[in-house]
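The values are calculated or read from the model by the stated rules, or taken from the named source; none is laboratory data. Just so it is clear, the structure is predicted and the values come from calculations on it, not from any experiment. Cβ atoms come from the backbone with ideal geometry, glycine included; neighbour counts cover every protein chain shown.
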Amino acid sequence: MRRQVSLGLVLVGSLALLLGTNTASGQAVYGSIVGTVTDPQGNAVAGAKVTVTSLAKGIAEEVTTNETGAYTVIHLIPDSYKIHIEAAGFKAYDVASLLVQVDTAARVDIQLQVGEARESIEVSGEAVPQLQTDKSDVSTTFQARTIESVPIYNRNFTTFQLLSPGNQRMNGWNHAASENPQGSQQILTQGQHFAGTGFELDGTDNQDPILGIIVINPNLEAINEVKVTSQNYDAEFGKAIGIIMTTQTKSGTNEWHGSAFDFQRSNSNFARNPFTQASGIPSGNWNQFGGTLGGPIRKDKIFAFVDYQGQRSHIGGTGQERIPTSAELSGDFSDLAATAKIYDPFQTTDATHQTPVLVNGNPVFLPLAQRTQFPNNVIPASRLSPVALALLKDVNQVGTPTTTTNPNFFGSGTNVLDSDGFDVRSDYVATSKMQVFGRYSLQQFTRSGPGLFGTLAGGRAIPSDPSVGDFAGTSSVRNQSLATGFNYTLSSTLLTDFRFGYFRYRVHVTQGGFGTTPAQDAGAVGLNLSDKTYTSGMPYFASFFPNNTLFAFGYALGAQSEGHCNCPLTEQEYQYQFVNNWTKIKGNHQIKFGADLRRAHNLRVPSDAHRAGELQFTNDITEGPGGVGGIGFAGFLLATVSQFHRYVSNSTTATETQPRFFFYGQDTWRLTPKLSVNLGLRWEIYVPESAAGKEFGGWIDLGTGEVRVAGENGVNLRGNTDTSYKHFAPRVGVAYQLN
């Protein structure tokens with residue numbers, strides 16, 4: 001504790017020294033306007049009054065230029081502003097419109113003309129900001145008009161990350177569609193992992209701490225601005241190694257405005273691939289619709305904005321697989337004898353392989369060299385497992401082909417992804433010194449997909465819309481986000497802002513046939529256990545034919561299963577966040593410092609391997625001398641398993657909590673109108689995760705490979721892990737305008 005306090009005093013002391021030394025640095029919610037006012041000879045005009053007024057809300061901010069003629073207007077909500085400048089002995093100067101962006105300083109340098117104050121010079125039209133010379137970050141900004149107009153498949157917000165330099169989609173792996181119906185994409189930035197992307201919404205965290213994906217994927221119609229910062233972001237931002245995506249939602253204005261939208265496409269218009277898709281694809285339709293409404297509750301004082309977006313995605317598709325023929329279901333593999341002979345893995349009492357030798361009730365395995373082929377490549381009917389045949393009844397309902405070609409079966413079905421979401425935001429100009437805002441967002445998703453062999457038997461997922469991934473099972477996701485805060489002007493050179501953020505990410509995934517016990521009903525022991533919540537449904541059975549052709553049914557997560565169902569899965573995460581920033585303007589320095597305090601609560605009860613069991617039957621079960629031949633499905637009929645996996649956990653309420661404390665200080669020093677220097681320091685403190693109680697968590701000791709269990713053998717609830725106070729991240733940047 002003493003060490004923590006000492007480091008805190010060092011940081012506070014450093015900030016105090018910085019305050020002893022006027023330009024706007026980036027802010028997660030606000031933008032700013034900076035510039036220099038000069039006379040016709042280029043000399044500084046001190047004491048000039050600069051008034052900045054929001055065109056949409058009528059809110060006005062007023063500052064005066066310092067002895068170098070510099071002025072800074074900070075804490076501006078992204079909007080278009082008009083600027084009025086006046087000074088004794090000079091004509092007034094007006095800029096009709098200037099766009100201010102989030103986390104950006106718009107620069108407007110003014111040269112006043114000698115004359116009467118009642119005379120004025122006006123720049124009409126939208127003023128074009130000069131090159132950014134007050135910040136050294138590298139970023140791309142998208143305005144509302146661009147966001148609404150760019151044609152993006154499925155109108156997915158995270159696609160805008162791909163429209164900035166240095167980004168590419170991650171190939172070969174995606175989050176399970178059931179856990180990510182909001183469509184967060186796995187995008188690599190500057191070669192960094194996708195979890196290194198920091199998502200912020202209205203200045204508060206918007207990133208799931210376990211999966212590293214976006215929580216609220218905003219409605220494009222509700223976004224005012226997005227800034228994608230890939231390099232040299234301010235000390236205010238952290239917890240990211242790739243980029244920061246700061247997003248601002250729209251707010252109401254002094255006039256009522258609304259919109260409505262509807263986007264549709266039907267798979268009846270899509271071409272069918274004759275090699276992978278059977279005829280008779282179920283009809284389907286993708287429909288995204290909604291609207292917005294914003295305006296004044298009280299003009300110049302209270303503003304409101306609300307939006308809604310719904311989606312109904314019912315996409316038909318077909319899948320294919322090599323399944324057993326009617327002959328193979330009876331143990332007859334004579335059609336495959338030329339390419340894959342099957343050998344009896346067990347010792348028998350006769351040459352016809354009718355009766356296996358049993359020891360303590362178990363058959364006796366033979367070495368490969370002693371195995372003999374089943375006569376005519378046919379397993380005797382007496383040797384076929386009644387449990388295996390009973391399990392196959394649910395698969396047989398789809399039909400039994402007579403050909404051994406791959407594929408020999410086509411199935412069809414409809415994938416459903418329905419969602420509803422809305423945002424409600426209000427802005428309140430409490431006084432000339434204080435402004436308040438608040439926003440609440442809710443997004444709810446329902447996802448279901450059939451397996452190739454129906455709901456109970458499962459199997460690989462029917463191919464769906466590629467933008468949302470394939471999935472067999474049922475998923476319910478409910479995401480929420482709350483952001484509120486205020487900014488307060490204590491004096492013309494000292495301001496503060498406060499924000500509170502909260503988000504919740506809740507996922508519930510179940511397999512088809514949840515609550516049923518098909519393996520138990522078929523006579524299989526130890527698969528569907530007494531707990532019908534976690535071990536219910538069809539286990540995953542995977543067997544192989546020659547050339548490693550896979551035949552599988554049931555439910556599982558892995559890529560081999562192609563069902564992509566981490567089921568059952570319970571995930572509940574939520575986080576509280578408190579942010580306080582202070583801004584001090586002194587001369588040509590803008591000093592900013594603050595704290596970001598977070599407390600995360602995580603619960604994840606996964607089934608990375610199906611809890612009812614995953615059983616594999618590989619070709620080596622029925623291999624012969626020299627390792628030749630063998631058919632995995634023949635091993636299935638003999639009830640001889642190659643591999644068995646299942647996910648087991650002692651607790652389904654093992655939550656973890658973790659406090660995270662971030663502090664920073666930054667000085668943006670405008671040495672000249674063309675040269676600025678950014679100096680910053682960020683301090684991040686991650687307290688180790690704490691288990692909810694005894695035996696509710698564990699930590700791997702990388703030195704010994706042992707698991708330290710919470711509450712056991714002297715291990716505390718934080719795994720006897722100490723908090724590190726050495727995570728300092730300095731920031732240094734220089735920006736210079738050549739011409």
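Checking the conditions here, which among T489, T455 is in the same structural domain as E200 (by TED's automatic domain parsing), more than 30 Å from G558 (Cβ to Cβ), modelled with pLDDT under 95 and surrounded by fewer than 24 Cβ atoms within 10 Å (Cβ to Cβ)? Every option except T489 fails the conditions. Counting residues in segment 370-384 that are within 48 Å of the chain's Cα centre (by Cα) and at pLDDT 95 or above gives one or more.
Can you find a residue in segment 211-223 that is surrounded by fewer than 20 Cβ atoms within 10 Å (Cβ to Cβ), part of a loop (DSSP other than H, G, I, E, B) and within 12 Å of the chain's Cα centre (by Cα)? Yes, that holds for at least one residue.
Here S441 clears all of (1) surrounded by fewer than 22 Cβ atoms within 10 Å (Cβ to Cβ); (2) part of a strand (DSSP E or B) except the condition numbered (1). Taken over segment 190-205, the criterion of being surrounded by 24 or more Cβ atoms within 10 Å (Cβ to Cβ) and outside any strand (DSSP E or B) is satisfied by T197, D202, G203. Taking segment 650-670 as the range and being assigned to a strand (DSSP E or B) and either closer than 23 Å to G698 by Cα or polar (S, T, N, Q) (or both) as the test, the residues that pass are E656, T657, Q658, P659, R660, Q666, T668. So is F237 surrounded by 21 or more Cβ atoms within 10 Å (Cβ to Cβ) and of a type in the set (F, W, Y) or not? Judged against the criteria, F237 is a match. Output yes when any residue across segment 495-502 is assigned by TED's automatic domain parsing to the domain that holds G316, touching a Gly at 6+ places or on another chain (Cβ under 9 Å), among the acidic types (D, E) and part of a strand (DSSP E or B), and no when none is. Checked segment 495-502: at least one residue is assigned by TED's automatic domain parsing to the domain that holds G316, touching a Gly at 6+ places or on another chain (Cβ under 9 Å), among the acidic types (D, E) and part of a strand (DSSP E or B). The residues of segment 224-264 that are assigned to a loop (DSSP other than H, G, I, E, B) and among the aromatic types (F, W, Y), listed by number, are Y233, F237, W256. Counting the residues of segment 588-624 that are among the polar types (S, T, N, Q) and outside any strand (DSSP E or B) gives 5. Is it the case that segment 674-686 has a residue that's outside any strand (DSSP E or B), buried (at least 17 other Cβ atoms within 10 Å of the Cβ) and outside the structural domain of T36 (by TED's automatic domain parsing)? No. Residues considered: G697, G693. Of these, the only one that is over 17 Å from D722 (Cβ atoms), in the same structural domain as N716 (by TED's automatic domain parsing) and at pLDDT below 95 is G693. Conditions: (1) under 51 Å from the mean Cα position of the chain (by Cα); (2) farther than 30 Å from E562 by Cα. D332 meets all but one. Number of the miss? Answer for D332: the failing condition is (2).
Inclusion of L358 among residues that are over 30 Å from N217 (Cα atoms) and crowded, with 16+ Cβ neighbours inside 10 Å is not warranted.
Of all residues in segment 528-538, those being under 14 Å from A472 (Cβ atoms) and not small (G, A, S) number 1. On inspection, G258 qualifies as surrounded by fewer than 23 Cβ atoms within 10 Å (Cβ to Cβ) and over 18 Å from the mean Cα position of the chain (by Cα).
The criterion of being in a strand (DSSP E or B), among the aromatic types (F, W, Y) and within 19 Å of F237 (Cα to Cα) does not hold for F644.
Take the conditions (1) in a strand (DSSP E or B); (2) under 30 Å from V387 (Cβ atoms); (3) more than 29 Å from the chain's Cα centre (by Cα); W582 misses just one of them, which is (2). Pairs meeting the criteria (first residue in segment 541-554 and closer than 15 Å to T622 by Cα, second residue buried (at least 23 other Cβ atoms within 10 Å of the Cβ) and of a type outside the set (A, V, I, L, M, F, W, C), beta carbons under 6 Å, at least 6 apart or on different chains) are S543/G632; F544/N619; F544/G632. Out of all the residues in segment 687-727, which are within 17 Å of P659 (Cα to Cα) and outside any loop (DSSP other than H, G, I, E, B)? Hits for segment 687-727 are S690, A691. Against the criterion of being farther than 27 Å from V605 by Cβ and under 29 Å from the mean Cα position of the chain (by Cα), W699 does not qualify. Scanning segment 309-336 for residues being among the polar types (S, T, N, Q) and assigned to a strand (DSSP E or B) gives a total of 5.
Annotation: of all residues in segment 640-660 being surrounded by fewer than 18 Cβ atoms within 10 Å (Cβ to Cβ) and of a type in the set (A, V, I, L, M, F, W, C), the one that is farthest from R604 (Cα to Cα) is V641.
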